[in-house]
Every structure is written in C-alpha cells, then in structure tokens.
Amino acid sequence: AWYVPCLASLETLQELCRKENLRCKSIGITNRNLKSYEVEYLCDYKVEEGTKYYLVKWKGWPESSNTWEPKKNLKCPLLLQNFLSDKNEYLSRVREGKALKVRNHVKALKPAVADYIVKKAKQRIALQRWKEELNRKKNHKAMILVENTVDLEGPPLDFYYINEYKPAPGINVINGITTGCECTDCPTEKCCPKEAGFILAYNKQKKLKIQPGLPIYECNSFCRCGPDCPNRIVQKGTPYSLCIFRTNNGRGWGVKTLQKIKTNSFVMEYVGEVITSEEAERRGQLYDNQGNTYLFDLDYDSDEFTVDAARYGNVSHFVNHSCDPNLQVFNVFIDNLDLRLPRIALFSTRTIKAGEELTFDYQMKGSIDLTSDSADGLSPSRKRIRTVCKCGAVCCRGYLN
C-alpha cells in the first residue's frame, strides 16, 4: 500500500481536536492537557524590569496560543536546560566553534537565535516520536534509539519501518513449505542444512562458522524443534540495541551499536520491497536522478529479483558503506527454499565495540547494486560516474564504484 502524508499542519489538527473535544496521543492531545496546560518547549527569552520571561509553546496547543511566562512559573528544568544548550550551540557555531560564555545581561535573543531554538525543539520532539514509532513496529526485544547532534535534519518523510520482506504483487516470498526436520537435538542430527546438502551454519555458541558465500539454512515453522533451537538465529531478529544517528562527515544517517558485538554474530537482516529486476531497472533510473538508491540484487542463484529498501525497510536502511567493514552479507533460507529469494543477513566480521558505527562493503557479492543516500552514492551498475567514498578507512578504495 502507498501512504499519503496528511497535508494538514500539526497546529490545524490540534485546533480541530480541541474544537471537537477529541483526544489524539500522536499529535499531543491527551486527557492531561485537553483542558490544561503543559510546557512542550521554550521558544524565546527576554528580560523586563529585572524579571526573566520565556515564550512557552504549550503541548497540544497551536503556536498562536504561545504565552510569555516568568521563569518562576516554569516547572520544567530539562526544557530550560535544552533551551540554554541550544542557544549556546547556535552561538558557538556562529563564532566558528569557539567556546562561548553565557552573558547574564542579555535582555532579549536575536530572531535568528530564537528561530534556531524552536527548530531544534521541534526536531527533538519529531525524533522522539520517530523513535517511539520504530520501537512500536519492531518485532525484536532490543531497542532502537535515534540521535542527531549534527544538524536540524528530522526523520525521513517517506520511510516506513517493516520487519520482513514486502513482496510486490505476483511475488511469493513464502513458497508453501509444509515439512521440517524431526530433530530433537538439531546440531547432532540430520537437520535442515544437511537436508539441503550443507553444514550447520552455527557453532555451540550460536556464532557463524561457515565461510562467506555459503548459504545458511535455518529451521522453519514446520520443524519439530522449539524456539530455543540453536539453528534459529536470523529469524529472531537483531539481539542488539542499535542507534540511528546523524554522521558528522556528510554521510547522512548511520547506525551504531550500543552493545559490544562478538565476532561472527548475527546483527541484522536487510529487508525491503521485493521487486522484479525489470521494476528495479525502472526505479533505478528514477533513483539515479535523485542521487541515491537502495537496490540490493538477490543474485545468489539468479538475478530475477531485487530488494528495494528506499521506502520500506528496517534499521539496515541506514547502514553506511565502508571499504573496511565490520559486517558481512550472507544468504539465508528459512520458510522459503526458493534459491531466487534468499533472505539477506548481516554478520559481524570482528569484535565491534559499543558505540562503534556498523558498516558493510557495498561491493560485496550480493550487494553490488546497493548504495545509500547517507553515502551520497549512485548505483554503479546504472551510472558510470565514479562516486567518491567517504568511509575514511585506511584501505579506502577512493570510490564506491
């Protein structure tokens, strides 16, 4: 389904809700503030006759209802702290990053400063709502955080979080498998991988033990083994809390881990719309004009299908390229044994420290046609223009293609 963003502004929706006495948590109208006032953020500052005043945006009320309130009436220390921090951040940038001392005798803020503070406050709220939305939609226990300390960029306007492939009409990503293994102890008996002619992909510590290029066959929904089976890893989703963050070197959004990740561990799955190669070619031409694309060819056995994560995807949508990556691509088969439609899993190639950015090489087998707007890339199979790589690795090839 294609979603159409609401054309009404947040203020208009809030006014309509209040007029009709309606509650709507998603736009800030709750029982708590329907008839009362709660500070949402602070917009401006001034001093009159020795008294400090702040211009208050009330939660669930339009900006036309903003009022000047003396500091003594405000019981919002965190919002006051954010206001001061945003003001100093803006002024420091104006002064070319030099440390700036707060001058207590300032009687009023310049319009440009107040405008930045309001934009930063709105961004903070938008990112918080986006984080809550992502965590509502995910199907794994680990948390997803969002962070932007670099610029005023907010959540992507045309991105929808999904947990698994979204097939285009006529494409079946579940091939109707009706049988599974009869194992009671999957690592020692003739399990699903052996039936497919391959070895079990994981060791006793549930870490990957096969070489890149070999497929992973996990137990499926018809297998006798239970959810604790050591051959059920990718299907459980990412076990690590991750943070979508804004990079400070022009690569847009990126993803970092908030927990230590050991070598050969499953980190995340790459999902999106599954489309035909013909449709991918058509979309690719449109994406080239925009300077980005998220097309990932499913070329394990053939090149009939492609995953497009431009509008529908999960956290992997935001993972950047690196010529020295810490993630590796593997093809996975679970409830669909069609070799044309593998699931794409990303495993760690080494120990990854908490706070470290997650990356994979867009030129890996199976990811030749994948580029990201966060790397300012163009699809190498569709463009001959060489795109400069910004990964910063010692072994950087200099170009994405």
Selection count where residues are open to solvent by less than 70 Å² (accessible area, probe 1.4 Å) and assigned to a helix (DSSP H, G or I), scope the range 129-169: 5
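Results for (1) charged (D, E, K, R); (2) in contact with a strand residue (DSSP E or B) (Cβ under 7 Å, 6 or more places away or on another chain), shown as yes or no for each residue.
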site: 232; (1), (2): yes, no
site: 238; (1), (2): no, yes
site: 245; (1), (2): no, yes
site: 249; (1), (2): no, no
site: 256; (1), (2): yes, yes
site: 265; (1), (2): no, yes
Among the residues listed as 53, 37, the single one being at pLDDT below 95, out of contact with any Leu (no Cβ under 7 Å at 6 or more places or on another chain) and among the hydroxyl-bearing types (Ser, Thr, Tyr): 37
Number of the condition not met by residue 56 [criteria: (1) aliphatic (A, V, I, L, M); (2) within 15 Å of residue 118 (Cβ to Cβ); (3) assigned to a helix (DSSP H, G or I)]: (3)
Verdict on residue 293 being of a type in the set (Ser, Thr, Tyr), open to solvent by less than 50 Å² (accessible area, probe 1.4 Å) and assigned to a strand (DSSP E or B): no
Hits in the range 7-33 (condition: closer than 20 Å to residue 123 by Cα, charged (D, E, K, R) and open to solvent by 70 Å² or more (accessible area, probe 1.4 Å)): 25
Residue that is over 26 Å from residue 149 (Cα atoms) and basic (Lys, Arg), where the choices are 251, 311, 350, 246: 350
Given (1) at pLDDT 95 or above; (2) open to solvent by 20 Å² or more (accessible area, probe 1.4 Å); (3) closer than 21 Å to residue 348 by Cα, number of the condition residue 246 does not satisfy: (3)
Pick from the range 46-79, criterion open to solvent by 60 Å² or more (accessible area, probe 1.4 Å) and small (Gly, Ala, Ser), ranking: farthest from residue 120 (Cα to Cα): 50
Flag if residue 197 is free of Cβ contacts under 8 Å to residues at least 12 places away in the same chain and either in a loop (DSSP other than H, G, I, E, B) or not basic (Lys, Arg) (or both): yes
Near pairs, Cβ below 7 angstrom, 6+ apart or cross-chain, from the range 84-106 (closer than 19 Å to residue 152 by Cβ and modelled with pLDDT under 65) to any residue that is of a type in the set (Ser, Thr, Tyr) and part of a loop (DSSP other than H, G, I, E, B): none
Test: residue in the range 258-272 that is farther than 21 Å from residue 321 by Cβ and either more than 28 Å from the chain's Cα centre (by Cα) or open to solvent by less than 40 Å² (accessible area, probe 1.4 Å) (or both): no
Hits in the range 316-366 - residues which are in a loop (DSSP other than H, G, I, E, B), open to solvent by less than 30 Å² (accessible area, probe 1.4 Å) and either more than 21 Å from residue 253 (Cα to Cα) or aliphatic (A, V, I, L, M) (or both): 319, 334, 336, 341, 342, 358, 364, 366
Residues that are assigned to a strand (DSSP E or B) and either at positive phi or in contact with an Asp or Glu (Cβ under 8 Å, 6 or more places away or on another chain) (or both), drawn from the range 236-252: 243, 244, 245, 246
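The values are calculated or read from the model by the stated rules, or taken from the named source; none is laboratory data. Remember, it's a predicted structure, so these values are computed and weren't measured experimentally. A quick note on method: Cβ atoms are made from the backbone with ideal geometry, for glycine too, and the neighbour counts reach across all protein chains shown. When the accessible area is computed, the model is the full protein with side chains, heavy atoms only, and any ligands, DNA or RNA have been set aside. Shrake-Rupley method; radii C 1.70, N 1.55, O 1.52, S 1.80 Å.
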